[in-house]
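One structure is given here, and the rest of the page talks about it.
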Amino acid sequence: MLPTPSTSHVSFDRVYEPAEDSFLLLDTISSSTEVAFLKDRFSNATTHPPLVLEVGVGSGVVLAFVAGNADNIFGRHDVLTLGTDINRFACQAASQTVQTAIASSAQPSVFLDVVNGDLASSIRHQSVDVFIFNPPYVPAELPDFSRHDSYNALPAGKKATTFEQDSYLLELSYAGGEDGMVVTNRMLAQIPEILSPNGIAYVLLCAQNKPEDVKKNIRSWGPGWLAETVGSSGKKAGWEKLQIVRIWRQTSG
Amino acid sequence: MKLLTLNFLTCAIKTCKGSPASFPLHPRDSELEIIETDINLPFLKNILPRLTWDAVRTISTELGLPELPATAPTREDLVEPSSTSEDDAEEVPTQVAKDLHRLLLETCVKEGKLVCGCCEHEYQVKEGVANFLLPGHLV
Ligand SMILES: C[S@@+](CC[C@H](N)C(=O)[O-])C[C@H]1O[C@@H](n2cnc3c(N)ncnc32)[C@H](O)[C@@H]1O
Ligand SMILES: [Zn+2]
């Protein structure tokens, strides 16, 4: 078992607290099959350092896990980590989580930043080698974004957030609209653009997201696109409550 | 926000993505700070081919930092010749490597703006966090 990053500095009143979904991502990315897959693609130490992008970092627990255990996962420690989140408080919290994890790692990797933005809209095309997303996946009405700007910072002249503000910020972390897929579908549409030719993506889905349909849809993006479930939890009567889908392109040759 | 991060970012507006002018974003009215981190020489050697050197030069000039050479350093430029070794850990960084580390990973934009050369949109950086949210995103 690789160490789980500390998130004790994070205020879970307004930033998503690591839960079963977060831990499923950690377990899947560090599973022997995924480590073998990642090492096969990226461990050649003379190639460029892989860029890991996590969208929706929340507390930063997942990105920090990758940054802190880069050597175990990739077989090299010159790995770059970058994050985004729509919630500015999460951006600040996650930066600290990643930096703390790197500081306590014997083989420090290289952390870039966490930027405040919508999905991967500010990321250069074809630059991401490993993409990770634990989306807001619960079928629940999307929050009312009209007050995002005012809720995304401390109220003017105040030192604390309001209760309404915190509720809004937490809603952003779970509410996924119809089938819980509205945000995920927007993200899936960006994946072919941001991935490098060798790039792969890990996206978490829940049973209500209709994962079989989602995978079928990804396979129809074009020749070579693959999507497989590579981790799952909460098996009940043949139903996986949560699963991680790996998305990648078959490299020709 | 580190200057190396700018090597991976562009304007968030869809119609700008195709335009070469949307990269790099141009820092404006920046307040810089130095945040020291340990140098990672194998990383610096491997990142060279991923850097858009012209963009690194442009950003550095726009920030009023010392002018960079027209071409990127080579892997050899980063390692003290006497220390070249099979084992990365034995290698000693040159001044070129230390300067590159300082520029890419220790020089941070604390406050300021990042401006798209295509649409002129200004993205704010506050307390080191860049904000790429657009009003249109939130509908
Ligand atoms: C389920 S939480 C996952 C948090 C963390 N990655 C984890 O696994 O514990 C979803 C995260 O996505 C963020 N998020 C929601 N919508 C987003 C968007 N449009 N762009 C970027 N991040 C978003 C939320 O603020 C929240 O931090
Ligand atoms: Zn633009």
(message) I need the full set of residues from the stretch B:1-55 which are open to solvent by 10 Å² or more (accessible area, probe 1.4 Å), farther than 13 Å from A:SER122 by Cβ, within 8 Å of chain A (Cβ to nearest Cβ) and in contact with a strand residue (DSSP E or B) (Cβ under 9 Å, 6 or more places away or on another chain), in order please.
(response) B:LYS2, B:ASN40, B:ARG50
(request) Of the numbered conditions (1) in a helix (DSSP H, G or I); (2) open to solvent by 60 Å² or more (accessible area, probe 1.4 Å); (3) more than 30 Å from A:THR251 (Cβ to Cβ); (4) more than 14 Å from chain B (Cβ to nearest Cβ), A:ASP149 fails exactly one; give the number of that condition. (result) (4)
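Can you pull out every residue in the stretch A:195-211 that is within 13 Å of ligand 1 (Cβ to nearest atom) and either over 22 Å from A:VAL66 (Cα atoms) or within 14 Å of chain B (Cβ to nearest Cβ) (or both)?
First pass over the stretch A:195-211, keeping only residues within 13 Å of ligand 1 (Cβ to nearest atom): A:202-206, A:209.
Once the filter is applied, which keeps residues that are within 13 Å of ligand 1 (Cβ to nearest atom) and either over 22 Å from A:VAL66 (Cα atoms) or within 14 Å of chain B (Cβ to nearest Cβ) (or both), the stretch A:195-211 yields A:CYS206, A:ASN209.
Look through the stretch B:3-43, keep the residues that are part of a strand (DSSP E or B) and in contact with a Cys (Cβ under 9 Å, 6 or more places away or on another chain), and return whichever of them is farthest from ligand 1 (Cβ to nearest atom). Step through it out loud before you land on a result.
Of the stretch B:3-43, the ones part of a strand (DSSP E or B) are B:9, B:26-34.
Now narrow it down to the ones that are in contact with a Cys (Cβ under 9 Å, 6 or more places away or on another chain): B:26, B:32-34.
Details: B:HIS26: 24, B:LEU32: 27, B:GLU33: 26, B:ILE34: 29 Å.
Among residues in the stretch B:3-43 that are part of a strand (DSSP E or B) and in contact with a Cys (Cβ under 9 Å, 6 or more places away or on another chain), the one farthest from ligand 1 (Cβ to nearest atom) is B:ILE34.
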(message) Restricting to the stretch A:105-132, give me the number of residues that are touching a residue at least 60 places away in the same chain (Cβ under 8 Å), more than 7 Å from every other protein chain (Cβ to nearest Cβ) and open to solvent by 20 Å² or more (accessible area, probe 1.4 Å).
(response) 1
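Being at pLDDT 95 or above, open to solvent by 10 Å² or more (accessible area, probe 1.4 Å), touching an Asp or Glu at 6+ places or on another chain (Cβ under 8 Å) and not aliphatic (A, V, I, L, M): is that true of A:GLY56 here?
Working: at pLDDT 95 or above: yes; open to solvent by 10 Å² or more (accessible area, probe 1.4 Å): yes; touching an Asp or Glu at 6+ places or on another chain (Cβ under 8 Å): yes; not aliphatic (A, V, I, L, M): yes.
For A:GLY56, the condition - at pLDDT 95 or above, open to solvent by 10 Å² or more (accessible area, probe 1.4 Å), touching an Asp or Glu at 6+ places or on another chain (Cβ under 8 Å) and not aliphatic (A, V, I, L, M) - is met.
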(message) So A:PRO197 passes all but one of these: (1) in contact with a Ser or Thr (Cβ under 8 Å, 6 or more places away or on another chain); (2) at pLDDT 95 or above. Which condition number does it fail?
(response) (2)
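Look at B:ALA72 and say whether it is out of contact with any Asp or Glu (no Cβ under 8 Å at 6 or more places or on another chain), more than 16 Å from ligand 2 (Cβ to nearest atom), among the hydrophobic types (A, V, I, L, M, F, W, C) and open to solvent by 70 Å² or more (accessible area, probe 1.4 Å). I'd like the intermediate steps shown before the answer.
On the way: out of contact with any Asp or Glu (no Cβ under 8 Å at 6 or more places or on another chain): yes; more than 16 Å from ligand 2 (Cβ to nearest atom): yes; among the hydrophobic types (A, V, I, L, M, F, W, C): yes; open to solvent by 70 Å² or more (accessible area, probe 1.4 Å): no.
The answer is no for B:ALA72.
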(request) Looking only at the stretch A:29-62, count how many residues are more than 14 Å from every other protein chain (Cβ to nearest Cβ) and under 28 Å from A:ASP13 (Cβ atoms). (result) 5
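The values are calculated or read from the model by the stated rules, or taken from the named source; none is laboratory data. Bear in mind that the values here come from a model prediction, so they are computed numbers and not experimental data. Using ideal geometry, Cβ is built from the backbone for each residue, glycine included, and neighbour counts are taken over all protein chains shown. SASA here: full protein model, heavy atoms, side chains in, ligands and nucleic acids out. Shrake-Rupley method; radii C 1.70, N 1.55, O 1.52, S 1.80 Å.
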